[in-house]
Amino acid sequence: MQLTDLPDEVVARVFSYVSPNVLHDKFLPSKSWDTLSGLQLLAYKSIVSGTIIVRGGNHTNKMDSVGLFHTQTELKSAFTIKTMERGYDTIRDLIMYNMKSQTPVLPVELGLYYRSDGHETEEYVVSELRAMVKILELLAVGYSSAIPVVNVQLEHNADPSPTLKSLRRKVTNRMSALDKRLCKVLFAREFAASPFYDHLQFMSSRFENLKQIHFWNDGIRDISLPRVASCAPNLQVLDLSGNSISNLVRVPVSESITVLRVRANGLTSLEGLEFKSCGSLRVLDASVNDIGSLEGVFLPPSIRNLDVSFNAIAKVGLIMLPANLETLKLSKNSISSLTHLELPPSLQKLQLDSNNITALPIDFFHHTHKLTVLDLSDNKIDDLDELGQLPDSLQHLKLDGNQIDYSNLSNILQPNLRTLSMASTGLVSLTHLNFPPYLSDINFSKNEISELAHIKFGPHLAKLDLSYNRLESYNPAQQKLDIPATAMVILEHNSLKDEVEK
């Protein structure tokens, strides 16, 4: 039996499980829609009825912003077209098909994503941006051919010529005509490029369904912000990273916004957010700024994730953390004391790595019965007994880069621990230890360990990294090491004299 022998409904069902790009290559190579067979037409409808992504320019895994708008699952199920010119041909043909068909078909979503890394020829960039403009013009013609959701990304990593500046303005102007269909927008430039155009100008229109705005390194200052709130009343994500916003007072955080990112702006304080207008805010990312203190800061109680890593915080001071906070990131600061910091019971993840911490208050974790992740790596901790009483809920603990040269780990071996990392801590011996039963991954690499004996590892241990130490032997039977036979033990770069015994 062949596909042509099956009912259309069954074929359509089969096609729904196949990648749109695979379907296209199999059934529609160089085919115009008006010359398609019945089977090819079913494939065509399946291909164009989902999400269509048109990608122009240079997208790499390292510098790819498309993941902000789509999950990996969504990307795999989308029909992806490379180059804006091919995208224009596809959208034009789709509109022509719908104009002549009694059963029109529309994508549920269209993404137009262009990224220039400065290495393309100007001729290529001009042709791509012209095609992008033409696609946006097609989308503005006729309600019957309207695609309901449109996302746009436009990134440039060089100072553009007058011609390219003009084309970028045209792209922005054409976006204004999308009205309720515009859902997610990203404009970005590299730090070295000049902010030649105020992309906030396109916000003079009202976009009822605009959910995400990302303006990266766009030269935006405080004075230009208020219009965002009124032009995008249902905005959920506002990303203003890499601009020139000196404080949060004029940042338009409306009731609908759930995510606010103000990374790399030169902020010196978190003060300024209006409590009354932040009732839905869940994520506040103020990392990579010049914030020197958190003392006296009052944050909206709705916040679940607070990131103030890569700042200049030396002392946390008195701060009322949101009662529902789940993730707190204080990495890469200059914190030495946490005496006045009271952690909320809801906290699940705490990152304190790369600070100047030597000890934690004895009751620091008193209320944190949900804490599962704690990162204290690269601090100045030399005594594990100075970490207070770690919560029993802890599952993942990192202490890399501290100076802990003794093997009494009893204060940190909590009953539910899954992973433990103590690389580069100066450990010289590991003896008479009883590890928790669920601990599956242990990293003791890059230490001075020469003695390993009388240790009971849990039955779930999968990986033990002892590389870059001073072990002269590894014989579990002789050294009284109770370790699962299935565990992977890494012993590279030691001083093993005898053959390793399993």
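Remarks
- Whichever aspartates and glutamates have a C-alpha closer than 14 Å to that of Lys370, once near sequence neighbours (fewer than 8 apart) are set aside: Glu326, Asp392
- Using a cutoff of 8 angstrom between alpha carbon atoms and counting only pairs six or more residues apart, the relative contact order for the range 360-430 works out to 32 percent.
- Calculated FRET efficiency for the pair Arg250/Arg304, C-beta based, R₀ 25 Å, to 0.05: 0.55
- Nonlocal amide H pairs with His156, under 5 Å, H built at 1.01 Å: Ser116, Ala188, Arg189, Glu190
- Estimated vicinal HN-Hα couplings, Hz - the range 120-133 in sequence order (Karplus 6.51, -1.76, 1.60; Gly, Pro = x): 7, 6, 5, 4, 5, 4, 4, 5, 5, 5, 5, 5, 5, 4
- Taking other residues whose beta carbon is less than 15 angstrom from the beta carbon of Ser49, and scoring Lys, Arg as +1 and Asp, Glu as -1, yields -3.
- Each Lys and Arg adds +1 at its Cβ and each Asp and Glu adds -1 at its Cβ; summed about the Cα centre, the range 236-367 shows a dipole of about 180 debye.
- Ranked by the mean number of other Cβ atoms within 10 Å per residue, highest first, peptides 467-479, 93-105, 41-53 order as 41-53, 467-479, 93-105.
- For the pair Gln348 and Ala323, the difference between a 0.36 nm per residue extended length and the Cα-Cα distance amounts to 7.8 nm.
- Nitroxide proxy distance, nm - points 7 Å out along Cα→Cβ at Asn173 and Ser230: 2.4
- Spin-label proximity, His493 to the range 445-459 - amide N less than 19 Å from point 7 Å beyond Cα toward beta carbon: 445-451
- Mean residue ellipticity at 222 nm, helices only, the chain: -5000 deg cm²/dmol; runs of at least 4 DSSP H residues each add -39,500 (n - 2.57), and the sum is divided by the number of residues.
- When the charge dipole of the chain is built from unit charges on Cβ atoms (+1 for Lys and Arg, -1 for Asp and Glu) and taken about the Cα centre, the candidate among Ser336, Gln102, Asn173 whose Cα reaches farthest toward its positive end is Gln102.
- Extension reserve of the Thr358-Ala453 stretch, reckoned as 0.36 nm per residue once the Cα distance is removed: 31.3 nm
- A Förster distance of 30 Å, applied to the separation of the beta-carbon atoms of Ser101 and Ala140, puts the FRET efficiency at 0.90.
- For the chain: relative contact order, % (alpha-carbon pairs under 8 angstrom, 6 or more apart): 5
- Violating pairs (Cα-Cα greater than 20 angstrom) within the set Lys180/Lys211; Lys446/Lys480; Lys26/Lys100: Lys446/Lys480; Lys26/Lys100
- For Val141, Val149, the sequence from fewest to most other C-beta atoms within 10 Å is Val141, Val149.
- Computed E for His460/Ser410 - FRET, C-beta separation, R0 30 angstrom, nearest 0.05: 0.95
- Shown for Lys456, Lys398: other C-beta atoms within 10 Å of each C-beta, ranked fewest to most, produce the order Lys456, Lys398.
Bear in mind that the values in this text are calculations on the coordinates, not laboratory data. The structure presented is a predicted model; accordingly, all values stated were derived computationally and were not measured. Every residue, glycine as well, gets a Cβ built from its backbone with ideal geometry; the counts of neighbours run over all protein chains shown.
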